[in-house]
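The values are calculated or read from the model by the stated rules, or taken from the named source; none is laboratory data. Only a predicted model underlies this, so the values are computations on that prediction, with no experimental measurement involved. Counting neighbours? That spans all protein chains shown, and the Cβs are built from the backbone with ideal geometry, glycine included.
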Amino acid sequence: DGGITQSPKYLFRKEGQNVTLSCEQNLNHDAMYWYRQDPGQGLRLIYYSQIVNDFQKGDIAEGYSVSREKKESFPLTVTSAQKNPTAFYLCASSRSNRGTDGELFFGEGSRLTVL
Amino acid sequence: EDQVTQSPEALRLQEGESSSLNCSYTVSGLRGLFWYRQDPGKGPEFLFTLYSAGEEKEKERLKATLTKKESFLHITAPKPEDSATYLCAVQVGRAGTALIFGKGTTLSVSS
C-alpha cells in the first residue's frame, strides 16, 4: 500500500545528542514536509521541500536540519542546538499539482523525548 | 501576520447531538482552506478542501462550509467514533506554499 513511513515511532535522547528521524514515502509525491506538534498547539512547520535537492525553512527551523537527496526520503535531524526538542514530529507529503498541494498525507509520527 | 483560530478548544457532545466547529482566519490571499481529523497518537487525515466563499463539502456526518472570514465544520448526529481532534489549515499565496494550522478542536462524543 502507498503511504508515508516514519521511524522510529518512539525515541529517547540524552541532552547534547543529535538524532535523525526517518521519513519515506512511496506515493511519488514531489513535496514533503516536517511539522512539530506540542500539546495544545497546532502543527508548526519546521522544513519543507518541493523538489529533490532543494528545501526551505519553516517557522521553527532553528536547531533542525534536513536533506532531500531522493524523492522518496526526507530525513530530519534534531541537533543539540534545539532547546526544547521533546515533541511529536509529523512528516507529510503532497502532490505539487495546482489545486491538490494542500492535501497532505501524513505519517504516523515520531515521538521524541529528551531525558 | 496570517492567523488561524479554532473554537471551541474542546467540545463534548452526546451521541446524536449536532453541533458546529469554527475556524476563523486572518490571511492575505487565501488559496484554500483544509480540514483534517487527528486521532490520538496518529497523524492527521485529510477531510476537505474549500476554495471560495459559499462552497460546501460533505462526507457522511460532516459538512464543511466557507465564508470570507471563517469556516464551519458541522457535525450531524455524531457517533462516538467521530471523537477526534479536528484541525483547520489555510494555504496562502501561490501554489506550493506550506499550510498554516490552527490549534484544533478536540471533540468527544459519548453514547
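Would a scan of the stretch B:86-93 turn up a residue that is more than 14 Å from chain A (Cβ to nearest Cβ) and aliphatic (A, V, I, L, M)? It would help to see each step written out before you state the result.
Residues of the stretch B:86-93 more than 14 Å from chain A (Cβ to nearest Cβ): none.
No, the stretch B:86-93 contains no residue that is more than 14 Å from chain A (Cβ to nearest Cβ) and aliphatic (A, V, I, L, M).
Please specify each residue of the stretch B:73-89 satisfying the condition of being closer than 10 Å to B:S19 by Cα and crowded, with 19+ Cβ neighbours inside 10 Å. I'd like the intermediate steps shown before the answer.
Filtering the stretch B:73-89 for residues closer than 10 Å to B:S19 by Cα gives B:73-78.
Within the stretch B:73-89, B:L73, B:I75, B:P78 qualify.
Out of contact with any strand residue (DSSP E or B) (no Cβ under 6 Å at 6 or more places or on another chain) and without any contact (Cβ under 8 Å) to a residue 24 or more places away in the chain - does that describe any residue in the stretch B:17-31?
no
From the list A:S110, A:S65, A:S94, A:S73, exactly one residue is in contact with a His (Cβ under 7 Å, 6 or more places away or on another chain) and either polar (S, T, N, Q) or within 27 Å of B:L47 (Cα to Cα) (or both). Which is it? Quick ask: steps written out before the conclusion?
On the way: A:S110 fails: in contact with a His (Cβ under 7 Å, 6 or more places away or on another chain); A:S65 fails: in contact with a His (Cβ under 7 Å, 6 or more places away or on another chain); A:S73 fails: in contact with a His (Cβ under 7 Å, 6 or more places away or on another chain).
Among A:S110, A:S65, A:S94, A:S73, only A:S94 is in contact with a His (Cβ under 7 Å, 6 or more places away or on another chain) and either polar (S, T, N, Q) or within 27 Å of B:L47 (Cα to Cα) (or both).
Go through the stretch A:20-41 and report how many residues are surrounded by fewer than 18 Cβ atoms within 10 Å (Cβ to Cβ) and either within 16 Å of A:N84 (Cα to Cα) or at pLDDT below 95 (or both).
Counting residues in the stretch A:20-41 that are surrounded by fewer than 18 Cβ atoms within 10 Å (Cβ to Cβ) and either within 16 Å of A:N84 (Cα to Cα) or at pLDDT below 95 (or both) gives 8.
Mind checking whether some residue in the stretch A:17-27 is within 12 Å of another protein chain (Cβ to nearest Cβ) and of a type in the set (S, T, Y)?
no
For the stretch A:79-91, indicate whether the set of residues that are under 25 Å from B:C23 (Cα atoms) and at pLDDT below 90 is non-empty. Even if it seems obvious, please write down each step before you answer.
Pass one, the stretch A:79-91, residues under 25 Å from B:C23 (Cα atoms): A:87-91.
Next, only the ones that are at pLDDT below 90 stay: none.
Within the stretch A:79-91 (the criterion being under 25 Å from B:C23 (Cα atoms) and at pLDDT below 90), the answer is no, since none of the residues qualifies.
Give the residue that is nearest to the chain's Cα centre (by Cα), with candidates limited to residues of the stretch A:87-110 that are of a type in the set (D, E, K, R) and either away from chain B (no Cβ under 14 Å) or closer than 14 Å to A:G3 by Cα (or both). Outline the logic, then answer.
Our first condition is that a residue be of a type in the set (D, E, K, R); within the stretch A:87-110, this holds for A:95, A:98, A:101, A:103, A:108.
Retained after the next criterion (residues that are either away from chain B (no Cβ under 14 Å) or closer than 14 Å to A:G3 by Cα (or both)): A:95, A:103, A:108.
On the way: A:R95: 16, A:E103: 16, A:E108: 11 Å.
Checking each candidate, the answer is A:E108.
So which residues in the stretch A:1-19 are at pLDDT 95 or above and within 18 Å of A:S94 (Cβ to Cβ)?
Listed by number, the residues that qualify are A:I4, A:T5, A:Q6.
If you go through the stretch B:50-57 one residue at a time, do you hit one that is within 20 Å of B:L11 (Cβ to Cβ) and away from every other protein chain (no Cβ under 12 Å)?
Keep residues of the stretch B:50-57 that are within 20 Å of B:L11 (Cβ to Cβ), which gives none.
There is no residue in the stretch B:50-57 that is within 20 Å of B:L11 (Cβ to Cβ) and away from every other protein chain (no Cβ under 12 Å).
Any residue at all in the stretch A:16-23 that is β-branched (V, I, T) and farther than 29 Å from B:T105 by Cβ? Spell out the reasoning first.
Applying the first criterion (β-branched (V, I, T)) to the stretch A:16-23 yields A:19-20.
After this cut, where a residue has to be farther than 29 Å from B:T105 by Cβ as well, the list is A:19-20.
Within the stretch A:16-23, one or more residues are β-branched (V, I, T) and farther than 29 Å from B:T105 by Cβ.
Just name the residue that is nearest to A:T5 (Cα to Cα) out of those in the stretch B:5-32 that are at the interface with chain A (Cβ under 10 Å from one of its Cβ atoms) and at pLDDT below 95.
It comes out as B:G32.
Which of the residues that make up the stretch B:1-42 are polar (S, T, N, Q) and crowded, with 19+ Cβ neighbours inside 10 Å?
To start, the set of residues in the stretch B:1-42 that are polar (S, T, N, Q) comprises B:3, B:5-7, B:14, B:18-20, B:22, B:24, B:26, B:28, B:38.
Within the stretch B:1-42, B:Q6, B:Q38 meet the criteria.
Between A:S67, A:S73, which is without any contact (Cβ under 8 Å) to a residue 24 or more places away in the chain and over 29 Å from B:T105 (Cα atoms)?
Numbers: A:S73 fails: without any contact (Cβ under 8 Å) to a residue 24 or more places away in the chain.
Exactly one residue qualifies, and that residue is A:S67.
Here's a check for you: in the stretch A:48-86, which residue that is within 14 Å of chain B (Cβ to nearest Cβ) and crowded, with 21+ Cβ neighbours inside 10 Å is nearest to B:Q91 (Cα to Cα)?
Filtering the stretch A:48-86 for residues within 14 Å of chain B (Cβ to nearest Cβ) gives A:48-51, A:54-61, A:66, A:74.
Now narrow it down to the ones that are crowded, with 21+ Cβ neighbours inside 10 Å: A:48, A:66, A:74.
Working: A:Y48: 14, A:V66: 23, A:F74: 22 Å.
Among residues in the stretch A:48-86 that are within 14 Å of chain B (Cβ to nearest Cβ) and crowded, with 21+ Cβ neighbours inside 10 Å, the one nearest to B:Q91 (Cα to Cα) is A:Y48.
Considering only residues that are over 30 Å from A:K9 (Cβ atoms), in a strand (DSSP E or B) and of a type in the set (D, E, K, R), which ones fall in the stretch B:38-92?
B:E56, B:K57, B:E58, B:K63, B:E70, listed by residue number.
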